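The values are calculated or read from the model by the stated rules, or taken from the named source; none is laboratory data. None of the values given here were measured: they were computed from a predicted structure. Cβ coordinates were reconstructed from backbone atoms using ideal geometry, including for glycine residues, and neighbour counts include every protein chain displayed.
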Amino acid sequence: MSAALRLVDLTVSYDRHPAVHHVSAEIPGAEMTAIVGPNGAGKSTLLKALMGLAPRVEGRIECSARRIAYLPQQAEIDRSFPISVFDTVLLGRWGRFGGFGAAGRGDIHDTRHALEAVGLAGFERRPIDTLSVGQFQRVLFARLLLQDADLVLLDEPFAAIDSRTVADLMGVIKRWRAEQRTVVAVLHDLDQVRRDFPNTLLMARELVDAGPTGEVLSIENLRRARAMAEAWDERADACEAPMRLSA
């Protein structure tokens, strides 16, 4: 299986302190990969680096995807903006029609279909600030559907949502895999990772292990990750290797 992403000596720093340190790993294409590790392990930072959203990145990222979709944590999204569920999902097509274009009939049809696919038919006119956490996460997944990306990056997609919503959204993720899309998700529930995600990166700022989930999530590796996180020196300076991004 070919790699969708290849990380080569990747270091990501905030205020000259490394949050991700010298990580080299491959993420297989057309597969579901979980990124796990203790709190503060650099999991979300790694996704931001893949999207070009981290302030200081060194090393090399090789990505074969033509289109990338990214779902941030809900805490990073301002839901006070007065916008409807339908228009929020339609923004998944922003890359096609932009700020001065207009959505076509196909875009309207696909938006309705995406809302049906995540169980939100009939919610089109609802303002997003009236939704529950689980309902809003369904909206964000519907928007991802419209982006039609070959690589989907999800940052804690199941945080604080009910079990039925988790099951429904896992159904969406598994359909992406069946369509040969690559899914990379930051997750905390190791039982879910073992059950649903064939591939895993275990991090503690540095890479602990990467590969088949059953091998990576060994007791020894989990103990090592915890010990590495506890021993990390917050005062360490950033490294000075040049960063290269390859397509």
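Number of residues in the range 81-137 that are at pLDDT 95 or above and closer than 26 Å to residue 163 by Cα: the value is 32. Restricting attention to the range 13-59, the residues being under 17 Å from the mean Cα position of the chain (by Cα) and either part of a helix (DSSP H, G or I) or more than 20 Å from residue 227 (Cα to Cα) (or both) number 22. The residues in the range 59-89 that are surrounded by 21 or more Cβ atoms within 10 Å (Cβ to Cβ) and out of contact with any helix residue (DSSP H, G or I) (no Cβ under 7 Å at 6 or more places or on another chain) can be counted, and the count is 1. Looking across the range 60-92, the residues that are within 20 Å of residue 185 (Cβ to Cβ), outside any helix (DSSP H, G or I) and hydrophobic (A, V, I, L, M, F, W, C) come down to 61, 63, 65, 68, 69, 71, 77.
When the residues of the range 141-153 are filtered to those that are under 23 Å from residue 84 (Cα atoms) and touching a helix residue (DSSP H, G or I) at 6+ places or on another chain (Cβ under 8 Å), the one that is surrounded by the fewest Cβ atoms within 10 Å (Cβ to Cβ) is 147. Of the numbered criteria (1) crowded, with 16+ Cβ neighbours inside 10 Å; (2) closer than 25 Å to residue 139 by Cβ, the one residue 29 fails is (2). Does any residue in the range 11-28 that is free of Cβ contacts under 8 Å to residues at least 60 places away in the same chain come within less than 6 Å, Cβ to Cβ, of a residue that is not charged (D, E, K, R) six or more places away or on a different chain, and which pairs are these? Pairs found: 12/19; 12/20; 12/45; 12/49; 12/54; 12/57. Every test in (1) loosely packed, with under 12 Cβ neighbours inside 10 Å; (2) closer than 27 Å to residue 50 by Cβ is passed by residue 161 save one, and that test is (1).
Within the range 206-216, the set of residues being crowded, with 20+ Cβ neighbours inside 10 Å, in contact with a helix residue (DSSP H, G or I) (Cβ under 7 Å, 6 or more places away or on another chain) and not in a helix (DSSP H, G or I) comprises 208, 210. Whenever a residue of the range 198-227 is under 15 Å from residue 28 (Cβ atoms), its partners that are in a loop (DSSP other than H, G, I, E, B), lying with C-beta atoms within less than 7 angstrom and at least six residues away or across chains, give the pairs 198/31; 199/31; 200/217; 212/198; 213/197; 213/198.
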